[in-house]
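Everything below concerns the one structure shown next.
The values are calculated or read from the model by the stated rules, or taken from the named source; none is laboratory data. In this text the structure is predicted, and so the values were computed from the model without any measurement. Reconstructed Cβ throughout: ideal geometry from the backbone, glycine too, with neighbour counts over all protein chains shown.
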Amino acid sequence: MVWLNRVEAYLDDLEVVADGLSRQMKQMQVDQVPAPRTGMEMQPGVDGTLAVTVNEGTKRLAASLAELETRVAQREVLLRATDAPQSGLTLTAKLESSKDQRSKMLGQRCELIGEMMAEINNQAVSLFVCQFHLANLTEDVVRIMAGVSEPTTYGNGNKPETLGGNLFSESA
């Protein structure tokens with residue numbers, strides 16, 4: 001099979017994996033929000049339903065990430081292929097080194113998938129930061145109400161201590 005055909009098949013697979021990963025990240029963000037209480041229903045999480053949903057989402061996310069790791073290994077094989085262009089260290093650079101239209105089109109797809117992956121990364125970091133801070137919400141609220149200086153966040157010891165809580169503002 002010609003190298004460009006293998007690259008195109010790889011990009012097709014990678015795009016499916018990236019799309020699935022993106023959908024999973026969005027679903028995890030939705031799953032973190034408890035359903036509204038109506039009437040005398042139990043509070044979400046008390047009966048374990050929210051925890052089960054989150055755990056299932058985490059398992060699906062882990063499976064998506066394992067699939068992505070497999071694709072990264074496939075990319076390495078494509079980069080080292082004997083019939084691949086010699087110039088360039090990345091797939092995009094190798095495709096850009098070829099002057100034909102198909103290579104340019106595949107290079108553009110690489111860039112679009114890269115942007116999609118950057119957005120997924122941004123979502124993952126945002127989700128982590130929110131969960132990190134929400135995990136200590138009660139502690140932070142008590143600390144703010146007591147007027148205690150805010151704790152050092154992420155090892156940033158150079159900033160002057162102030163009263164009150166800019167923890168969420170700084171993390172955003």
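Does GLY88 satisfy the condition of being at positive phi, exposed (fewer than 15 other Cβ atoms within 10 Å of the Cβ) and at pLDDT below 90?
On the way: at positive phi: yes; exposed (fewer than 15 other Cβ atoms within 10 Å of the Cβ): no; at pLDDT below 90: yes.
It is false that GLY88 is at positive phi, exposed (fewer than 15 other Cβ atoms within 10 Å of the Cβ) and at pLDDT below 90.
Take the residues in the stretch 87-105 that are in a helix (DSSP H, G or I) and touching a Lys or Arg at 6+ places or on another chain (Cβ under 8 Å); name whichever of them is farthest from GLU8 (Cα to Cα). If you could, list the steps in order and put the result at the bottom.
Restricting attention to the stretch 87-105, the residues satisfying the condition of being in a helix (DSSP H, G or I) are 91-97, 101-105.
Narrowing the set further to residues that are touching a Lys or Arg at 6+ places or on another chain (Cβ under 8 Å) leaves 91, 95-96.
Details: LEU91: 11, LEU95: 11, GLU96: 14 Å.
That would be GLU96.
Condition test on VAL46, is it more than 30 Å from GLY107 (Cβ to Cβ), over 18 Å from the mean Cα position of the chain (by Cα), at pLDDT below 60 and among the β-branched types (Val, Ile, Thr)? Write out each step before concluding.
Details: more than 30 Å from GLY107 (Cβ to Cβ): yes; over 18 Å from the mean Cα position of the chain (by Cα): yes; at pLDDT below 60: yes; among the β-branched types (Val, Ile, Thr): yes.
Yes; evaluated as a whole, the condition is true for this residue.
Quick one: which residue in LYS99, LYS94 is more than 24 Å from the chain's Cα centre (by Cα) and at pLDDT below 90?
Working: LYS94 fails: at pLDDT below 90.
The conditions single out LYS99.
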